[in-house]
1. Identify, from the list 161, 145, 181, 141, the residue that is surrounded by 15 or more Cβ atoms within 10 Å (Cβ to Cβ) and without any contact (Cβ under 8 Å) to a residue 24 or more places away in the chain.
2. Return yes when residue 201 is buried (at least 19 other Cβ atoms within 10 Å of the Cβ) and closer than 20 Å to residue 227 by Cα and no when it is not.
3. Looking at region 9-38, which of its residues are part of a loop (DSSP other than H, G, I, E, B) and touching a helix residue (DSSP H, G or I) at 6+ places or on another chain (Cβ under 9 Å)?
4. Report, by residue number, each residue of region 39-73 that is closer than 19 Å to residue 129 by Cα and either outside any helix (DSSP H, G or I) or more than 12 Å from the ligand (Cβ to nearest atom) (or both).
5. Filter region 44-63 for residues that are surrounded by 24 or more Cβ atoms within 10 Å (Cβ to Cβ), within 20 Å of residue 109 (Cα to Cα) and over 8 Å from the mean Cα position of the chain (by Cα) and give the result.
6. Tally time: how many residues in region 11-38 are more than 16 Å from the ligand (Cβ to nearest atom) and more than 12 Å from residue 125 (Cβ to Cβ)?
7. State yes or no: is residue 184 more than 12 Å from the ligand (Cβ to nearest atom) and not in a strand (DSSP E or B)?
8. If I filter region 197-232 down to residues being in a loop (DSSP other than H, G, I, E, B) and farther than 17 Å from residue 178 by Cα, which single residue comes out as modelled with the lowest pLDDT?
Ligand code: 48F
């Protein structure tokens, strides 16, 4: 019989609570907060953490990966178009050329490798935590207001739970089609977004990467949030531009932090 090391119930609880809160306290002020742990947010987090930027990813679900677990239509083969297969190669994701310049990989393998690479690079993650609002100082996004995801699911009379705030130099909206961070600014009349256009895969990927930028002072958009913010065509189930846009968002953030 295998004998496990002895540990009491209280010791296990103490280990969880102590280690979680230690990390949490360290994350109340970071260089960059990324809202959304889909492919664009994860790769941006990986790139920034690899360059020693203090980065925190906030994800409302228990699991990271967003839409990257499936390739489309509940089918777990995903596609990327050249040159984005280089990112799959970097992550060590096996892929094959289906037709000239169009590559296919197993979505669970690609997604789990991307998550692992982001964690290995040193990005910190708060899951089951949702964006509630933005922190705005002198017309610059300077952090996020967050609450446990579960709070929004509770009846109002049970869940009078004030959210808390985290500060950062920059925030990246990687919330996909929702563009949740950008919409918080729109709700206040600070900007107007166009909403995603109709499908045109051949144009949309380039446009998403091209428009990945600081959309409002302190707020960078990446992935499908770019599409929603700038009114670009949607691209459906292909992921090359999500990976390349995440990389560009990290570049934009890095340049701004260096100033
Ligand atoms: O949707 P998602 O995968 O965004 P992405 O990185 O990639 C888009 C593709 O998956 C696909 C596509 C192109 O191939 O059309 O849809 O742009 O990941 C977004 C993540 O953000 C989380 C959400 O749960 C998901 O994991 N998210 C969204 N809103 C919030 C949030 C919020 N308010 N607070 C925290 N997380």
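1. Numbers: 161 fails: surrounded by 15 or more Cβ atoms within 10 Å (Cβ to Cβ); 181 fails: without any contact (Cβ under 8 Å) to a residue 24 or more places away in the chain; 141 fails: without any contact (Cβ under 8 Å) to a residue 24 or more places away in the chain.
Step by step, each of 161, 145, 181, 141 is checked, and only 145 is surrounded by 15 or more Cβ atoms within 10 Å (Cβ to Cβ) and without any contact (Cβ under 8 Å) to a residue 24 or more places away in the chain.
2. On the way: buried (at least 19 other Cβ atoms within 10 Å of the Cβ): no; closer than 20 Å to residue 227 by Cα: yes.
The answer is no for residue 201.
3. Pass one, region 9-38, residues part of a loop (DSSP other than H, G, I, E, B): 27-28, 36-38.
Matches in region 9-38: 36, 37, 38.
4. The answer is 54, 55, 56, 57, 58, 59, 60, 61, 62, 63, 64, 65.
5. 46
6. So the count comes out to 16.
7. Values: more than 12 Å from the ligand (Cβ to nearest atom): no; not in a strand (DSSP E or B): yes.
No, not satisfied.
8. Of all residues in region 197-232, those in a loop (DSSP other than H, G, I, E, B) come to 200, 212, 217-218, 222-223, 231-232.
Restricting the remaining residues to those that are farther than 17 Å from residue 178 by Cα gives 200, 217-218.
Details: 200: 95, 217: 98, 218: 98.
Within region 197-232, the match that is modelled with the lowest pLDDT is 200.
The values are calculated or read from the model by the stated rules, or taken from the named source; none is laboratory data. This one's a predicted model, so the numbers in the text were calculated from it and none came from an experiment. Here the Cβ is made from the backbone with ideal geometry for all residues, glycine too, and neighbour counts use every protein chain on show.
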